[in-house]
Amino acid sequence: MTHSHIIRNSLNIKDENIIFDVNNYLCPEEKIKGTNYLIYQATLTYKPKACHHCGSINEEYLITKNGTKISTVKLGNILFKPALLRLRKQRYLCHECNRTFIASTTLVDKHCFISNPIKNAVGYELAETQSMKCIAKRVSISSTTVIRLLVNSGKALEPSRFELPEHLSFDEFKSVKEAAGSMSFIFTDAQTHDIIDIVENRQQRELIAYFQRYPNELRQKVKTVTLDMYSPYIKVIHDCFPNAELIIDRFHIVQHINRALNRLRIEIMKTIRYTRPRDYSKLKKQWKLILKNVWDIDFETYGTHRLYDGLVTEKMMVNYLLSIDNQFQWVYDLINDLKWALDTGDYEEFVSQLERSKDRPVKRYIRTTFQTLNKYLDSIGNSCKYTLSNGHLEGINNKIKTIKRSGYGYRNFSHLRARILIIFKLKDKDNKEIRPLTFEEEKEIDKQLNIKVA
Ligand SMILES: [Zn+2]
């Protein structure tokens, strides 16, 4: 093994045509723009198989050596010190076309001074949530180079216009300052939870134009779209995915119902503020208990509570709170019946409970809440049928928040988008188990599993 061999191996350079200058193995340091670099020197030479320009096969000295060209290649850090390679590249002359060309190597691309190992390393670093400045510092290149590499990797991860899953999830997130809208649009595969793309502007017109870039027969195959309540995307879905069923995210339906219950609590609270201050503070402090699902409330464990005398259970406290006002109890019961129907995917029960509410006198906003539910009844039916939800998007949106923070404010949307695509698409995902599509299938599988266990 020659010295050149040893140096090449220790630098992890695969190209055997790079021969290190053995007289230079001491590696002098050089100060360039205020930074000390380790300097390696090597020559790149080989017998070319054919001419780069005309493609003539190199036979009988058709291509001859014709001087050299020195280029400087960044190698990254070696024991925390940035290293440079002065690479003397062979120049060749083709006697067929009379043109010259320079030897090429896998270490570095043509017209480029950043070595490919650095580019790969930056690719991996970009998949972690950290600032680009930090990456630039670690591999000793400039931030602008990192951004350029980011844009390139982002392009490589651009979603294909000829692929679209059958089940989609729609959501939005707060975008960067320079984005066209204050909110940007994000959509995922509702089954695998993989991000498909991020769109800068979530306005209807823009989104319709965006989705129309997908071929029509692909869009017709989309079976469901899961979205939040009050979603502005219903027209988009109608126009772009004519066969898709709408699914309102169950969590958002519950949130919608809970909001009405909470408002009622606050109103009751305000009416007794000066007449029954102790009950007022109970209602004020125990809002969480009121919104808790009735089937999750503990009726067994006795304990002391500073707002109550003696030993009480959660159930006793809820009963007390509900007794404060006569409308409270039955609205509470009705809302919990609705929540239970949603939780168990019992659509018929949901509809009949909603029907039951119609002939009771209630406050106007509670009536409005129920009317809204009526308006979305078909989609609620679908959310009782399909197990799909937008729960995963909350996690994704939280991650996007940390990405934005780590970048000290991405000003350019395309940079943020590239970074998000890299982080979510490059990071090796553990094999997530895909949930059965409908509750019915899931129950069937559970049943079979139980039979096996028994
Ligand atoms: Zn030639």
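Structure notes:
- Qualifying position, being aliphatic (A, V, I, L, M) and modelled with pLDDT under 90, among L93, L84, L79: L79
- Exclusive hit being modelled with pLDDT under 90, open to solvent by 100 Å² or more (accessible area, probe 1.4 Å) and in the same structural domain as N374 (by TED's automatic domain parsing), set R273, R259: R273
- Taking the range 56-66 as the range and being of a type outside the set (S, T, N, Q) and surrounded by 11 or more Cβ atoms within 10 Å (Cβ to Cβ) as the test, the residues that pass are I57, L62, I63, K65.
- Of the residues making up the range 112-136, those that are under 15 Å from K74 (Cβ atoms) and modelled with pLDDT under 85 number 0.
- Hey, L426 farther than 20 Å from T224 by Cβ, touching a residue at least 60 places away in the same chain (Cβ under 8 Å) and open to solvent by 50 Å² or more (accessible area, probe 1.4 Å) or not: yes
- Considering the range 153-264, the qualifying strands (runs of 3 or more DSSP E), each wholly inside and each with 2 or more residues that are within 22 Å of the chain's Cα centre (by Cα) and closer than 26 Å to I422 by Cα, run over 167-174, 183-189, 195-199, 224-227.
- Counting the residues of the range 94-135 that are over 42 Å from the mean Cα position of the chain (by Cα) and either charged (D, E, K, R) or open to solvent by 30 Å² or more (accessible area, probe 1.4 Å) (or both) gives 7.
- Annotation note: of Y365, Y347, the sole residue that is out of contact with any strand residue (DSSP E or B) (no Cβ under 8 Å at 6 or more places or on another chain), surrounded by fewer than 16 Cβ atoms within 10 Å (Cβ to Cβ) and not hydrophobic (A, V, I, L, M, F, W, C) is Y365.
- Test: residue in the range 238-247 that is farther than 30 Å from L168 by Cα, without any contact (Cβ under 8 Å) to a residue 40 or more places away in the chain and surrounded by 14 or more Cβ atoms within 10 Å (Cβ to Cβ): no
- Note on the range 26-44: among residues that are open to solvent by 40 Å² or more (accessible area, probe 1.4 Å) and assigned to a loop (DSSP other than H, G, I, E, B), the one that is modelled with the lowest pLDDT is L26.
Okay, residues lined up against (1) touching a helix residue (DSSP H, G or I) at 6+ places or on another chain (Cβ under 6 Å); (2) on the phi > 0 side of the Ramachandran plot; (3) within 16 Å of the ligand (Cβ to nearest atom); (4) of a type in the set (A, V, I, L, M, F, W, C):
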site: I57; (1), (2), (3), (4): no, no, yes, yes
site: T72; (1), (2), (3), (4): no, no, no, no
site: R88; (1), (2), (3), (4): no, no, no, no
site: L93; (1), (2), (3), (4): no, no, yes, yes
site: S104; (1), (2), (3), (4): no, no, yes, no
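The values are calculated or read from the model by the stated rules, or taken from the named source; none is laboratory data. Computed from a predicted structure; not experimentally measured. Every residue, glycine among them, receives a Cβ derived from its backbone with ideal geometry; neighbour counts consider all protein chains shown. Only protein heavy atoms, including side chains, enter the accessible area calculation; ligands, DNA and RNA are left aside. Shrake-Rupley method; radii C 1.70, N 1.55, O 1.52, S 1.80 Å.
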